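A short write-up of the structure that comes next.
Quick note: the coordinates plus some simple rules give every number you see, no bench work behind them. Quantities reported herein were computed from a predicted structural model and do not represent experimental measurements. Neighbour counts are summed over all protein chains in view; Cβ atoms, including those assigned to glycine, are modelled from backbone coordinates with ideal geometry.
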Amino acid sequence: MPFSDYKTALVTGASSGIGAAVVERLCREGLEVHAVARSVEPLQALAERTGCIAHAIDVTDRGALGELTSKVQFDVLINNAGVDRPKKFLEAEEGDIDLLIDVNLRAVLHLCRMVVPGMVGRDRGHVVNISSIAGNYNFGGNSTYHAVKAGVAMLSNQLRIDAFGKRVRVTEICPGRVATDIFNHVHGNDPSIRERFIDGFELPQASDIADAIAYVIAAPVAVNIGHMEITPTLQVMGGLQTAKPEAPAANAPEGTKR
């Protein structure tokens, strides 16, 4: 469906990184883009630069999102907002679990609930859920994030089933490592973080993800690109490890040795 068939778009997590790049790309295509984020100053700068309509809203504020979606019929929904608190589940904290569920999954569910029925009714729309390779592959120390992103993956599949028979397309975008400031948001604003995750690596840019999203939206109406993984050429997922059991302690009481 060419961009000319769509008029409005809603992008969350729009103040920086992939979200800002998507706003810029969709504005260039002539859509009326509503950009949602918590950070007021970067959001205002984005609006001045692109002509998007800025909304300083936290995606966990269901009332504010409900008010916005009741006023505007959105043809394109880009669920991009996300947070992370990297920890093994054995070290997980209550607040971290609640935050990741609220932002990365609950907000996506509610925005889809608010927007997708209108798309179905109009027989036109495209939902793009920006998930992660973490929703499909396991790697150490990020257990809650894996769980919520897997939820987004299943939701993306289910939306197509629920909208079956209508021209509502659903795409899950799963980026690997991308050269954005998300690592500073997660690990702290220290030069060593950039050295650890970005400097010296050949990485996709936020604009590359935005171009991929523009590609799936611009595909013919008969084409639904349901799942796309976008990783650096020099990044792979997977691997196999096998641990040896711990040796029994030398001074363990009789009967407790294994």
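Report the extension gain between R122 and I161 in nm, rounded to one decimal, defined as 0.36 nm multiplied by the number of residues separating them, less their alpha carbon distance.
Values: separation 39, 0.36 × 39 = 14.04 nm, distance 1.70 nm.
Full-extension gain reported as 12.3 nm.
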Measure up K149/K244; K87/K149; K88/K149; K7/K166 against 21 Å on the Cα-Cα distance and list the ones that go over.
K149/K244
Determine, for each peptide in 107-115, 91-99, 72-80, the mean count of other beta carbons within 10 angstrom over its residues, then list the peptides with the highest first.
72-80, 107-115, 91-99
Given Cβ charges of +1 for Lys and Arg and -1 for Asp and Glu, the option among A147, V40, G66 whose Cα lies farthest towards the positive end of the dipole of region 3-230 is G66
In a shell of Cβ-Cβ distance under 13 Å around S132, excluding S132 itself, what net charge do Lys and Arg (+1) and Asp and Glu (-1) give?
-1
Treat each spin label as a single point 7 Å out from the Cα along the C-beta direction, and report the H110 to I198 distance in nm.
3.1 nm
About the Cα centre, charge dipole magnitude for region 3-104 (Lys/Arg +1, Asp/Glu -1 at Cβ), debye:
300 debye
Multiply the residue separation of S207 and I101 by 0.36 nm, subtract the distance between their alpha-carbon atoms, and state the gained length in nm to one decimal.
35.5 nm
Under the Karplus relation 6.51 cos²θ - 1.76 cosθ + 1.60, θ = phi - 60°, what is the ordered set of whole-Hz ³J(HN,Hα) values for region 31-39, x standing for Gly and Pro?
7, 7, 9, 9, 9, 10, 6, 7, 7
Given the Cα-Cα distance of D58 and T233 and 0.36 nm per residue of separation, how much length would full extension add, in nm?
59.6 nm
Just to be sure I understand the model, the point goes 7 Å from the Cα along the line to the Cβ. What's the resulting S70 to R85 distance in nm?
3.2 nm
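Which value at 222 nm does the chain reach when only helices count, each DSSP H run of 4 or more adding -39,500 (n - 2.57), with the total divided by all residues and rounded to the nearest 500 deg cm²/dmol? Don't skip to the answer; put the middle values down first.
Details: 9 runs with 102 residues, N = 258.
Taking each H run of at least 4 residues, the total per residue is -12000 deg cm²/dmol.
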